[in-house]
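The values are calculated or read from the model by the stated rules, or taken from the named source; none is laboratory data. Computed from a predicted structure; not experimentally measured. Note that we place each Cβ from the backbone using ideal geometry, even for glycine, and neighbour counts take in every protein chain shown.
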Amino acid sequence: MRMRIRSLGIDRVTAGTALLVTALGLMFGFGFWAVAIGMLIPIAAVGARKADLGIQRRFALPPADTHERAMVVRARVAAATMRQLVDSVPEGPVAERCREMERQARAGVPTIRALALQAHRVRTLAEGIPVASLQTDRAHTTNLLAANPDERVRFELDSSLRSTDAQLRTGHRLYMLAEELFARTRALTTSMEAVAAGLAELQALSSSDPTTQPQIALANLSREIDALRGGLEEAQTFGRRAAAIHLMEV
């Protein structure tokens, strides 16, 4: 019974509370309502726990003092800077275009966070494979094979060598995947910072002369936005593929 309760995600305190409420309700003659309320308590507890886990996953970040966490922080700072700059641009056509560009750029923060988190998880898996030890084992096994052992020993050594090589290949693939995920995270973060710099230029031009039409600055900012949008689309596609590879390697 305990195993069944735990498998449903119900702790003993919640289960005990539900039983106590049901017993007290029956004692005071509430009948059906006592049983119904007793059943609702663990259901509500499980639902709240799942909702909490969902929120944690949605807003999860890479650990502090990691390169991946630094990228997320930089992206968030760029997004906050954009918001401040847009709010300070004098009203007019330029301000409207700036607001639209700022909205498009700010939408990249969740993708950057997800990529950074994925890069850290894959890197952790790669670092968990003892490459140096495996390379030492491989060299030792190769030397034993070079000594022309008998057939039974050779079979065991060949099997060991294949297993070692497979682990080394997996480690290499995971490391390369983590590097590419981080490179895309860094590129998107840099693009967001470039957009923030472009908005700062527009804000400076508009503040110095509200009637000016900073076409060159707008064109440069539009190009940065296009580059960011394209990078986000590519990153999201790559992130899905990387997740599939990640699952295959686990």
Discussion item. Can you go through ALA95, ALA80 and tell me which one is in a helix (DSSP H, G or I) and surrounded by 15 or more Cβ atoms within 10 Å (Cβ to Cβ)?
Written reply: ALA95
Practice prompt. Just one of (1) farther than 30 Å from GLY231 by Cβ; (2) part of a helix (DSSP H, G or I); (3) not basic (Lys, Arg) trips up ASN148, so point out which.
Written response: (2)
Worksheet item: Can you tell which of ASP137, ASP87, ASP65, ASP165 is charged (D, E, K, R) and on the phi > 0 side of the Ramachandran plot?
Response: ASP65
Worksheet item: Taking region 98-116, which residues are in contact (Cβ under 8 Å) with a residue 12 or more places away in the chain and among the basic types (Lys, Arg)?
Response: ARG99, ARG106, ARG113
Worksheet item: Taking ARG69, is it free of Cβ contacts under 8 Å to residues at least 40 places away in the same chain and either in the same structural domain as GLU127 (by TED's automatic domain parsing) or under 24 Å from GLN215 (Cβ atoms) (or both)?
Response: no
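Condition check ((1) modelled with pLDDT of 90 or more; (2) over 30 Å from GLN203 (Cα atoms); (3) in contact with a Gly (Cβ under 8 Å, 6 or more places away or on another chain); (4) not acidic (Asp, Glu)) across all residues:
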position: ARG57; (1), (2), (3), (4): no, yes, no, yes
position: GLU68; (1), (2), (3), (4): yes, yes, no, no
position: ARG76; (1), (2), (3), (4): yes, no, no, yes
position: ARG83; (1), (2), (3), (4): no, no, no, yes
position: GLU96; (1), (2), (3), (4): no, no, no, no
position: HIS120; (1), (2), (3), (4): yes, yes, no, yes
position: THR136; (1), (2), (3), (4): yes, yes, no, yes
position: ALA139; (1), (2), (3), (4): yes, yes, no, yes
position: LEU144; (1), (2), (3), (4): yes, yes, no, yes
Worksheet item: Can you name every residue in region 195-216 that is among the hydrophobic types (A, V, I, L, M, F, W, C), in contact with a helix residue (DSSP H, G or I) (Cβ under 7 Å, 6 or more places away or on another chain) and either buried (at least 22 other Cβ atoms within 10 Å of the Cβ) or at pLDDT 75 or above (or both)?
Response: VAL195, ALA196, LEU199, ALA200, LEU202
Worksheet item: Which is of a type outside the set (Phe, Trp, Tyr), assigned by TED's automatic domain parsing to the domain that holds LEU232, over 30 Å from ALA217 (Cα atoms) and within 20 Å of the chain's Cα centre (by Cα), of LEU157, LEU125, LEU168?
Response: LEU125
Worksheet entry | Leading residue by the ranking (surrounded by the fewest Cβ atoms within 10 Å (Cβ to Cβ)) among those in region 120-136 that are outside any helix (DSSP H, G or I) and not β-branched (Val, Ile, Thr) | GLY128
Practice prompt. Among the residues of region 169-194, write down those that are over 14 Å from LEU125 (Cβ atoms), crowded, with 22+ Cβ neighbours inside 10 Å and among the hydrophobic types (A, V, I, L, M, F, W, C).
Written response: LEU188, MET192
